[in-house]
Each structure stands twice: as structure tokens, then as C-alpha cells.
Amino acid sequence: MPSTPGSPAPLPTEAEILDRDLRRYHGTGDAARLCALHKRAAVLVSDPCEARFHLTHAWIYALVLGDREDVEGLERQLRAAGGL
Amino acid sequence: MLDTAELSKLLEQVDQPVAGASGLPNALYATPDALALERERIFKNGWACIGFGKDVPNPGDARPIDFLGMPLLLLRDPDGAIKVFENVCRHRGMILVEEPKNFGGVIRCPYHSWCYSLDGALRATPHVGGPGINRTETIDPTQTGLTEVSCGVFMDVVFVNVSGTAMPFETWIAPLRNRLSDFADQPLFAPTSHGSFTLDVQANWKLIMENNCESYHLPWVHPGLNSYSRLEDHYCFEAENFSGQGTLVYNPDLRFPNFEGLPSKWDMSAEYPSVYPNVFFSVHRDHFWAAHLDPKAHDRTVERVEIYYATEEAATSDHFAPLREKNAAQWKEILSEDIFVTQGMQKGRGAPGFDGGKFSPEMDSPTHAFHAWVARALAN
Ligand code: FES
Ligand SMILES: [Fe+2]
């Protein structure tokens, strides 16, 4: 809904904040942050396909970090979601 | 254009006994085609130097290398072993690594994010089966890893055989290992300062090798060096894949700790084998250096020198820092003194009447050995 002039803008939703952060960190190579953001996004979205998309990205960044435990956890989730 | 029929005829005159042999023909120095031919027959088919183990000191370190236009990735694996891969993604051929860096996990291709383990295995193919589906029937990860390049390390110098068709590395390096057996398995310490320098030479790579093979030029080109290393005090040696010269009066002012357990012959000797095609070694009782020649064009070569010491203290302590600085500066000065001759010979190769030159059987034999080796490699 467009905000009325004079009234304060509505607070951004968590999804909007996440989206903004994903864009912001996209080119930074900050794998830890990108992994965390995609994990959070996977929980937040309601569409299972979209969740699997974010899990995939979180998994890739966990691989880049070499975080074995995280990788294993994400692979379990991806397998359950039919992504692996 | 390189006239290959004419070239084969000329190469036959090179691979003759030294007294009657001609030098390599002008065309092999003065045309880009020549480097293209050498790239295939010498640098790809045989063993050649691409760098140093010290370039990737820690597990996970990776360094991209442009080896005559072939993108390679020099890598130290988690167990500390050196590996070399083609630096290209197996998906769409994107360059994988553009800058030296350490990989704690996988190597991710920046294009579609296929990921490779440090052993080269294909580890992940995101969205390859559609959004969020990370596998597909038609791509077998066990067959789609990075292309590994045969490599070997000797005294921290890294060699590759890109074609994979050369003899095993240990067989190839055996004559040099034998010649330098007193040094071959010594621990080498890379300096924390004043350990390397680079020279950008406007000359064909072979001219730098040739000049390093012989001591004939010392009294004229390196008068300072000659004061403690007279022509009479030098000797030559030749083997199937290297040749060079040694001195019997190595006695520099700079004193570093010696390598352990050296026979007494090294008290006053030093040796300088030029290892074909593109690296020369320089061993002394207290330090070692190698010069890697990286041909950038038929008339341009980057010469990179890396120095190593016998003890950690010599290589890293502040106490030895001023001496290391002096030592590196001295070697840089000596190798810089050679530049006007290698560049001068490069210019000379433009003379249509120059027929490759003549060799002195007494003084030029190691240079001729290199020429004959090049002639044989190109003839194959
Ligand atoms: S080119 Fe490397 S993932 Fe596509
Ligand atoms: Fe010289």
C-alpha cells in the first residue's frame, strides 16, 4: 500500500530486509554472511521450491567456507527436499 | 611465417658435433610462429618449469599461472602436496581462479558456481537439474573433475608436463638429482625478505638459457665476478637435459650458514646447471637459487629468481637481513649485466646473413648441447 504523505513509511518486512541484504552482500564474497542469509531465507519463504533454491545457495557457501558440519546438515535438508 | 621444410634442414646442421655445428637459425628467435611451435613441442610435450613451491606455502593456497597462454592452477593440497590443474571450469570453460588466494573449502566457479574440491573432484553443481535440483543424470561428477596436469617438484622448483606424454618426472629429473645429490634433499628456507627479484628481458627465452650455459663471457661481461672466479677456474658439464658450468673458487665475502653434511669439494665450488628448457639452478655451499624463464613473446622473457638458504635463521632472522639484501642485490646485478648481451643477440637475429653462428669446441660446448637438444625436440 502506498504511504500517505505525512504519515511514516511502513517498516520493511523481514523478507524485504533479507532481500536487500542478499543484494548488498552478493558481490562481496562474504560466504559466511551469504550462507546465513540464504539459510534464513529458506526458512522464511513458504514455497518449497523457493526454499530449496535458498538451501542450495546456503550449501554452496558452506562448501566454500569448508564448514563440514554445516555442509552435512544442508545436504540432509536438500536430500529431503529432492535437491540432491 | 616459419618455413618448416627449411627449418628441418637447418636443424639438422645444429644437431652435429660441436666443431662443425651451426647454431639455431634466426627464425627460431625472431618470429612468433617459432614460439608457437616451441610451445607445442618443447613446453607442452616435455617437462618445463612453471614456478616454485614457495608460491603456495600453505595448504589450500592456489596461484593462477599463465604458462605460454595455457591457464594453470598451482595448488597446495590439504596434505601439503603440490598439485597442478588446468585453471578452467569443466562446465563452460570459465577461468576458475584469477588471483592467488587460500581456499579453506571448495573452489567455486564464479560463473554458475560449480564447485571443485582441492583434489580437483567436482563437488557441487547447483541448479544443474533445474532450480534447486543439484544433480542431473547426464553429468557424472566422477568424470568431470578438474583436468590434472602431471607435475613434479625438485628443490622447490615446480615442473609440469602438460601433454602427459613425457617420461615419469623422477626418471627425467634423475640426472640433475644425481648431479646435485648433495643438495637435492636438503631443507631449503625461503627468505622473509630479499628472497626474489624479477627481470623483464626483451629477448628470446633461449638466448638467456644459452648465455647461462657458458662461462666464456665472464671476463668480458662480469668483470667483478671474474675477480674471484677467473675463466681458468671454471669447468663445463653436460647431461641429456641440462648443461652448464661450475667454479672452483667460490669464496664470497658474504657468509651464511652452510648446508649440512656437504663434502669438502663444495668448500670452494659452485655449480650453475641450465635445466632445459627454462630454468637454471645455482648451488653454493650456503645458498641456492633458481631462475625461471617465462617466455611472454618470441622477443620477451620474464626471468624470475628465487633464493633459498640453508637455515631458517639465515632466511628469516633480522641478523641476516642486511646480508640477504646484499646477496640478492649482487645476483641481481650479475644477471642484469647479462641483459645487454641477450638483448643484443636478439637484435642480431634480425640480420638476414647470420647463419646461427659458430661454436668454440672449448668454450661453447654446453651452449651447443642446449641447441642440439632444442633441435631434436623441435624435430620430433
Ligand atoms: S562455467 Fe563454471 S559453472 Fe558454468
Ligand atoms: Fe652471465
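The values are calculated or read from the model by the stated rules, or taken from the named source; none is laboratory data. Treat the numbers as computed from the prediction; the structure is a model and nothing was measured. With ideal geometry, Cβ positions are generated from the backbone for all residues, glycine too; neighbour counts draw on all protein chains shown. Ligands, DNA and RNA are stripped out before the accessible areas are found, and what is left, the full protein with its side chains, is counted by its heavy atoms. Shrake-Rupley method; radii C 1.70, N 1.55, O 1.52, S 1.80 Å.
Once you treat every alpha carbon in the range B:1-91 as an equal point and sum by Debye, what is log10 I(q)/I(0) at q = 0.15, 0.17 Å⁻¹?
Listed by q, the Debye log ratios stand at -0.73, -0.81.
Taking N as the number of residues in chain B, what value does Rg over Cα atoms divided by 2.2 N^0.38 Å take?
Relative to the rule-of-thumb radius for its length, chain B sits at 1.06.
Near B:Phe242, within a Cβ-to-Cβ distance under 15 Å, what is the net charge of the other residues, with Lys and Arg +1 and Asp and Glu -1?
Its environment carries a net charge of -1.
For chain B, find the longest principal axis of its Cα atoms and tell me its angle to the long axis of helix B:339-348, 0 to 90°, nearest 10.
Orientation of helix B:339-348: about 90 degrees from the principal axis.
Would you mind giving the total buried accessible surface between chains B and A, with a 1.4 Å probe and ligands, DNA and RNA left out, rounded to the nearest 100 Å²?
Heavy-atom accessible area buried at this interface is about 1200 Å².
May I ask you to give the average projected area over all directions of the convex hull of the Cα atoms of chain A, in nm² rounded to one decimal?
6.6
Between Rg and the Kirkwood Rh of the protein assembly as shown, both from Cα atoms, what is the Rg to Rh ratio?
That ratio equals 1.10.
Is the shape of the range B:173-288 best called rounded, prolate or oblate, per the rule: a/c under 1.5 gives rounded, else a/b larger than b/c gives prolate, else oblate, with a ≥ b ≥ c the square roots of the Cα gyration tensor eigenvalues?
Judged from the Cα gyration tensor, the range B:173-288 comes out rounded (a/c under 1.5).
Could you give the semi-axes, largest first, of the ellipsoid that matches the range B:214-351, computed as the square roots of 5 times the alpha carbon gyration tensor eigenvalues and rounded to whole Å?
Output for the range B:214-351: semi-axes of 26, 18, 15 Å.
Which value results when the Cα radius of gyration for the range B:120-176 is divided by 2.2 N^0.38 Å?
In units of the 2.2 N^0.38 Å rule of thumb, it is 1.75.
Using a simple charge model, +1 on the beta-carbon of Lys and Arg, -1 on the beta-carbon of Asp and Glu, nothing else, what dipole does the protein assembly as shown show about its Cα centre, in debye to the nearest 20?
For this selection, approximately 1140 debye.
Pairing rule first: another cysteine's C-beta must sit under 4.7 Å. Under that rule, which cysteines of chain B stay single?
Isolated Cys, chain B: B:Cys49, B:Cys115, B:Cys151, B:Cys213, B:Cys236.
What is the angle, in °, between the Cα long axis of helix B:4-14 and the longest principal axis of the Cα atoms in chain B? Nearest 10 is fine, range 0 to 90.
40
Using a simple charge model, +1 on the beta-carbon of Lys and Arg, -1 on the beta-carbon of Asp and Glu, nothing else, what dipole does the range B:204-285 show about its Cα centre, in debye to the nearest 20?
In total the dipole reaches around 180 debye.
Express the accessible area of the range B:148-256 per residue in Å², computed with a 1.4 Å probe while the remaining protein chains stay in the model.
Solvent-accessible surface per residue comes out at 42 Å².
Could you tell me which helices of chain A pass both thresholds, a Cα extent of 15 Å or more along their own axis and a mean Kyte-Doolittle hydropathy of at least -0.5, with helices taken as whole DSSP H runs?
A:31-44, A:48-65
What accessible area per residue comes out for the range B:23-88, rounded to a whole number of Å², with a 1.4 Å probe?
32
Largest first, what is the accessible-area ranking of B:Cys115, B:Cys151 with a 1.4 Å probe?
So the residues, ranked largest to smallest area, are B:Cys151, B:Cys115.
Counting helices only, and only those DSSP H runs with n ≥ 4, report the 222 nm mean residue ellipticity of chain A as the sum of -39,500 (n - 2.57) divided by its residues, in deg cm²/dmol to the nearest 500.
Roughly -22500 deg cm²/dmol at 222 nm, from the helical runs in chain A.
Pairs of lysines 8 or more apart, or on different chains, with alpha carbons under 24 Å: count those in chain B, would you?
Taking chain B as the scope, the lysine pair count is 24.
Report, to the nearest whole %, how much of the accessible area of the range B:130-194 belongs to carbon and sulfur atoms, 1.4 Å probe, protein only.
52
Which one of B:Gly353, B:His298, B:Phe320 is farthest out on the positive end of the charge dipole of chain B, using unit charges on Cβ (Lys, Arg +1; Asp, Glu -1) and the Cα centre as origin?
B:His298
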